[in-house]
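The values are calculated or read from the model by the stated rules, or taken from the named source; none is laboratory data. Since we're looking at a predicted model, the values are computed, not measured. Backbone-built Cβ (ideal geometry, glycine too); neighbour counts: all protein chains shown. Just the protein is used for accessible areas: all its heavy atoms, side chains included, with ligands, DNA and RNA removed. Shrake-Rupley method; radii C 1.70, N 1.55, O 1.52, S 1.80 Å.
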Amino acid sequence: LAARANAVANGLSNVAFVCADARDHLEQARNVDMIILDPPKLAAQADHASRARRYYRHIIGAAMRALRRPGMLMLFSCSAALGAAHLRDIVRDTAAEEQCAVRILKELHAGPDHPTLPAFPEGDYLAGLLLAVVAF
């Protein structure tokens with residue numbers, strides 16, 4: 001509801017909002033201009049990281065196939081065991097697999113209301129990437 005109101009307030013009329021399981025919806029979607037992937041915490045512990053990486057590769061690959069070229073993909077992780085460096089690696093590998101080129105336009109981190117303490121680097125777990133996905 002808030003997203004629709006925000007779109008209207010910004011003069012955007014051709015916006016579709018979908019609330020669905022990303023795995024199911026992205027397999028069917030095509031010619032989408034922008035996709036935002038913000039899954040829940042997938043790797044609360046280090047031993048969950050490999051499963052989380054597989055899930056991210058699956059949904060990122062499906063999103064890349066769904067995007068019109070060029071398209072925008074925003075990707076987020078709130079898992080301490082899967083930070084920004086891991087996301088970059090997953091995006092790189094998935095883009096190669098999907099035969100597309102990806103540009104990282106911006107790396108996103110927690111806002112100033114969520115500071116990271118030098119003595120607790122694990123607190124820097126919020127990560128995001130704004131990507132341009134283009135054809136090879």
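See the values below:
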| quantity | calculated |
| --- | --- |
| Single residue of ALA52, ALA96, ALA81, ALA101 found to be of a type outside the set (S, T, N, Q), over 14 Å from the mean Cα position of the chain (by Cα) and part of a helix (DSSP H, G or I) | ALA96 |
| Residue in segment 26-49 that is nearest to the chain's Cα centre (by Cα), counting only those that are in a helix (DSSP H, G or I) and modelled with pLDDT of 90 or more | LEU26 |
| Boolean, ARG65 is open to solvent by 60 Å² or more (accessible area, probe 1.4 Å), farther than 23 Å from VAL18 by Cα and touching a Leu at 6+ places or on another chain (Cβ under 9 Å) | no |
| Pairs where the first residue, in segment 100-114, is touching a residue at least 24 places away in the same chain (Cβ under 8 Å) and the second is of a type in the set (Val, Ile, Thr) and open to solvent by less than 40 Å² (accessible area, probe 1.4 Å), C-beta under 6 Å, 6+ apart | CYS100/VAL133; ALA101/VAL134; VAL102/VAL91; VAL102/VAL133 |
| Selection status of PRO70, touching a strand residue (DSSP E or B) at 6+ places or on another chain (Cβ under 6 Å) and of a type outside the set (A, V, I, L, M) | yes |
| Qualifying residue in segment 58-69 (condition: modelled with pLDDT of 85 or more, within 18 Å of LEU131 (Cα to Cα) and β-branched (Val, Ile, Thr)) | yes |
| Hits in segment 89-124 (condition: open to solvent by 80 Å² or more (accessible area, probe 1.4 Å) and under 15 Å from ILE59 (Cα atoms)) | ARG92, GLU97 |
| Test result for SER13, among the polar types (S, T, N, Q) and within 26 Å of GLY123 (Cβ to Cβ) | no |
| Checklist (1) farther than 18 Å from ALA127 by Cβ; (2) at pLDDT 90 or above applied to MET74, failing item | (1) |
| Close pairs (6 angstrom Cβ cut-off, 6 or more residues apart or separate chains): closer than 9 Å to ALA80 by Cβ in segment 38-56, aliphatic (A, V, I, L, M) anywhere | ALA43/ALA49; ALA43/ALA52; ALA43/ALA81; ALA43/LEU82; ALA46/ALA81 |
| Conditions (1) open to solvent by 20 Å² or more (accessible area, probe 1.4 Å); (2) in a helix (DSSP H, G or I); (3) among the hydrophobic types (A, V, I, L, M, F, W, C): number failed by VAL18 | (2) |
| Residue list for segment 49-95, filter: farther than 22 Å from HIS25 by Cα and of a type in the set (A, V, I, L, M, F, W, C) | ALA49, ALA80, ALA81, LEU82, ALA84, ALA85 |
